[in-house]
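Structure below; questions to follow.
The values are calculated or read from the model by the stated rules, or taken from the named source; none is laboratory data. Remember, it's a predicted structure, so these values are computed and weren't measured experimentally. When we count neighbours, we look across all protein chains shown, and the Cβ atoms used for this are built from the backbone with ideal geometry, even at glycine. The accessibility values were calculated without ligands, DNA or RNA, using every heavy atom of the protein model including side chains. Shrake-Rupley method; radii C 1.70, N 1.55, O 1.52, S 1.80 Å.
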Amino acid sequence: MSSKRLGFFTRLLDNTSAQERYRLATEQIIHAEQLGFDSAWVAQHHFHEAEGGLPAPLVFLAQVAAHTRFIRLGTGVITLPMENAVRVAEDTAVLDLLSGGRLEIGLGSGGTPTSFPPFGLESQDRGKAFGNNLQTLLTAWRGEPLAGTDNRLYPAAPQLANRVWQATFSVDGGARAGKSGDGLMLSRTQPRPADAPDLRLDELQNPIIDAYLDALPQGVTPRIMGSRTAFVTENGDEARELAQKGLRRQAENHRASGQIVKGDTLDDYIRAFDVHLGTPAQVTASLQADTALARVTDLAFQVHSIDPPHPYILRSIELIARHVAPALGWVRRTPQRHVSSSSADSSFSREAL
């Protein structure tokens, strides 16, 4: 198996205006590219600025593409039930050309339940809507006729059907992603079963990985992304001090929505939200104990929901690249400009791992 790939993930939650959030996130992605990160991922959230600051990830990534050269650009995720699938096909086709074939498409059915009605959908119907929209999206990318007409996607983008990632919390979702030959996206944290509230994150996610690998068609290269919260500083006490506010706010939000968060100390929050923080040595040791992370092909790190000030995010990115990621199996690659869609497929989605 070759070395893991390294990603930077952001929900664009810097404590400032929306415009400034977009500027800072762009600067963070540029910084990650300069340090050798292989990919950058942005989340999509509608309406609720405290959950995520970006409703239009493809628009944002288009301007990021103009400021970067090598780093691959991914959605983590587009909430597909709320979208018009043909428009997603068109926008991703254009963005992939503008970025030189660097686009990766993470898709999911989730989202804040109250966000669905403005899109003419109820949260409980999201699974069916996701399946229908995904089929339309794949039909468009593959160049097949749309809705019984002779209309076909322009510009053509058959390469994008090979760059889909599915996010899931469940074993069934892992099997679905594997059966489709898609990439599997594992979250930085996820809810525990009511009858097993103290399960470790890797105990939840290893069965998902197993189901994914079992369902993957023969000859298809696995793509498994493990996203984790990792905030790295030179001073472990400073990391804990900066983590207090963000993690406490997350605990309060969880409790307000009816979820159970055990305890009220910082260490309680660190355990509850699967956080890795401290010096490079401390974060490395913490991440190395994660048996699911050892099995992934792609590492993706974010600072949420610690959400420290921007200079600390830049420094954390640097310390991850220089110290943490190499200890987890990442080797910095010589960047290559992707000038065509086919070259992009061979360099990332279909890379022998």
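What percentage of all Cα-Cα pairs in segment 260-336 are separated by more than 16 Å?
57
Another question about this same structure. Determine, for each peptide in 207-220, 314-327, 94-107, the mean count of other beta carbons within 10 angstrom over its residues, then list the peptides with the highest first.
The densest-packed peptide leads the list: 94-107, 314-327, 207-220.
Relative to the first principal axis of the alpha-carbon coordinates of the chain, what is the inclination of helix 310-319, with its axis defined by its Cα atoms, in degrees from 0 to 90 and to the nearest 10?
Here the helix axis deviates by roughly 90 degrees.
A further question on this structure: Over the chain, what is the relative contact order in percent, taking alpha-carbon pairs closer than 8 angstrom and at least six residues apart?
21
So if R0 is 41 Å, what FRET efficiency would PHE47 and ASP210 give, r being the distance between their Cβ atoms, rounded to the nearest 0.05?
0.70
Based on the Cα coordinates of segment 218-263, what is the per residue volume of their convex hull in Å³?
147
Could you derive backbone 3J(HN,Hα) for segment 80-88 from the dihedral phi with the Karplus parameters 6.51, -1.76 and 1.60 (θ = phi - 60°), listing whole Hz in sequence and x where the residue is Gly or Pro?
4, x, 8, 9, 7, 5, 5, 5, 4
Sticking with this structure for a sec: Using a basic spin-label model with each label point 7 Å from the Cα along Cα→Cβ, how many nm lie between ASP267 and HIS67?
4.0
With every protein chain left in place, what is the accessible area per residue of the chain in square angstrom, probe 1.4 Å?
44
Hey, what angle do you get for helix 236-256 against the long axis of the chain, alpha-carbon based, 0 to 90 degrees rounded to 10?
Taking the Cα atoms of the chain, the angle to 236-256 is about 60 degrees.
Taking only the alpha-carbon atoms of segment 48-140, what semi-axes of the equivalent ellipsoid follow from 5 times the gyration tensor eigenvalues under a square root, in whole Å, largest first?
24, 16, 9
Still on this structure, please answer the following. At R0 = 30 Å, how high is the FRET efficiency between ALA147 and VAL94 if r is their beta carbon distance? Nearest 0.05 is fine.
0.90
What percentages, rounded to whole numbers, describe P(r) for segment 122-253 computed over all alpha carbon pairs with 5 Å bin width beginning at zero?
2, 9, 13, 14, 15, 14, 11, 8, 6, 4, 2, 1, 0
Just the number, please: carbon plus sulfur as a percent of the accessible area of the chain, 1.4 Å probe, no ligands or DNA/RNA counted. Let's see the in-between values first.
Values: 8090 of 15480 Å².
The computed percentage sits at 52.
List the aspartates and glutamates whose alpha-carbon lies under 13 Å from that of LYS179, not counting same-chain residues fewer than 8 positions away?
Cα-Cα hits under 13 Å: ASP210, ASP214.
Could you pull the Cα extents of segment 16-102 along its three principal axes, largest to smallest, in whole Å?
So the extents along the principal axes, rounded to whole Å, are 35, 32, 17.
Still on this structure, please answer the following. Pop out the Kirkwood hydrodynamic radius of the chain from its pairwise C-alpha distances, inverse of mean 1/r, in Å to one decimal.
Values: mean 1/r = 0.0487 Å⁻¹.
The answer is 20.5 Å.
Considering amide H positions built from the backbone, and no H for Pro or chain starts, which residues 5 or more places from LEU54, or on another chain, come under 5 Å of its amide H?
The answer is HIS45.
Sticking with this structure for a sec: Determine the distance separating the Cα centre of segment 143-165 from the Cα centre of segment 22-61; give it in Å without decimals.
With segment 143-165 and segment 22-61 each reduced to a Cα centre, they are spaced 26 Å.
Another question about this same structure. Using alpha carbons only, how many degrees (0 to 90, rounded to 10) separate the axis of helix 171-180 from the longest principal axis of the chain?
Approximately 40 degrees, to the nearest 10.
Give the long-range amide H neighbours of TRP330: residues separated by 5 or more places, or on another chain, with amide H under 5 Å away, using H modelled in the peptide plane at 1.01 Å from N.
LYS4
Among 12-18, 51-57, what's the highest-first ranking by average C-beta atoms within 10 angstrom per residue? Walk me through the numbers before you get to the answer.
Working: 12-18: 16.6, 51-57: 20.1.
Highest-to-lowest ranking by the protection proxy: 51-57, 12-18.
Hey, what did segment 1-111 get for relative contact order, percent, Cα under 8 Å, at least 6 apart? Could the numbers behind the result be given before it?
Values: 167 pairs, mean separation 27.9, N = 111.
Relative contact order for segment 1-111 comes out at 25 percent.
Related question: Stretched out fully, how many nm does the piece from SER257 to GLU122 gain, at 0.36 nm a residue minus the Cα gap? Spell out each step's value before the answer.
Numbers: separation 135, 0.36 × 135 = 48.60 nm, distance 1.79 nm.
Going from the current span to full extension adds 46.8 nm.
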